[in-house]
Amino acid sequence: MSVQLSSNPPVNGNEPPLHAAGNSPACSHPPPPPPARQNNRGPGRLKALGFLMFLVLVLVGSGAITYWVLDHFDAREPQILINSLSISSFHLNRSISQLTANWTVELLVKNVDGRHHIQYDSFNVSVFYGRGFKNRFFLAKAGNIASFRQNPRTQTKLVAEARGEKQSLDSRVASLIAQDQERNGSINFDLQVEVHVTSSQFDGDMIFTCSHLKVVPFPSSTVQPGTC
């Protein structure tokens, strides 16, 4: 009886079978952790902050430009209204061509600008007679107006007087004044106000004129031109 020896050891029911070399399974390891998420909130915040700063600069710049434009191009000149012209003790001596009278001029000065102060200096209030602007003849100058500074959106009443003003006239002018009074019962006078005006927007002389004021000067008279 022949017995065949096996090179393989006996298999025990409690032991797993052996595998051939090179076919053994890989060792079991835990899976690698997922890659860490990058924090992108930092760059986003910087972008938002930069945009906010840019927006603030744009708003501030727009406001500054708007204020500059309004301040330089929307400045309004003052208004001078001649409220009334009063004449008393009016006497025309035709033989010596001399006019004597008391003149009182009431002015209303308005600063209609809402932002700028205005300085007024060197007021000159003059009375003229003539037919046409180029043919006017000087009759009297009413002064006594001191320099003053005016706040925005305010108005000031002023009174200029010339008492006992004597003016030597050309004989032709004296005749024309007498003829107007005899023919029409009234005399046309022109008023002119010259003043040096200074503000942050302009600096120079301004002239305001009120023409053709019909005055009946005998013995005294007051005319109110209103919007002149």
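Nothing in this text is a laboratory measurement; each read-out follows from the coordinates by a stated rule. These numbers come from a predicted model, not from an experiment. Note that we place each Cβ from the backbone using ideal geometry, even for glycine, and neighbour counts take in every protein chain shown.
As a proxy for reagent exposure, ranking Ile96, Ile87 by other Cβ atoms within 10 Å from fewest up yields Ile96, Ile87. Sorted from greatest to least, the principal axis extents spanned by the alpha carbons of segment 79-223 come out as 54, 27, 23 Å. Charge tally around Ile87: other residues with Cβ under 13 Å, Lys/Arg +1 each, Asp/Glu -1 each, net -1. A straight Cα-to-Cα reach below 19 Å connects Lys166 with the lysines Lys141, residues fewer than 8 places away in its own chain not being considered. Efficiency by 1/(1 + (r/R0)^6): what FRET value for Arg172 and Ser200, r their Cβ-Cβ distance, R0 = 45 Å, to the nearest 0.05? Plugging the Cβ-Cβ distance into 1/(1 + (r/R0)^6) gives 0.40. Between Arg45 and Arg115, what is the FRET efficiency for a Förster distance of 35 Å, r being their Cβ-Cβ separation, to the nearest 0.05? About 0.25, to the nearest 0.05. Candidate cross-link partners of Lys110 among the lysines, defined by an alpha-carbon separation under 21 Å and a same-chain spacing of 8 or more, comprise Lys157.
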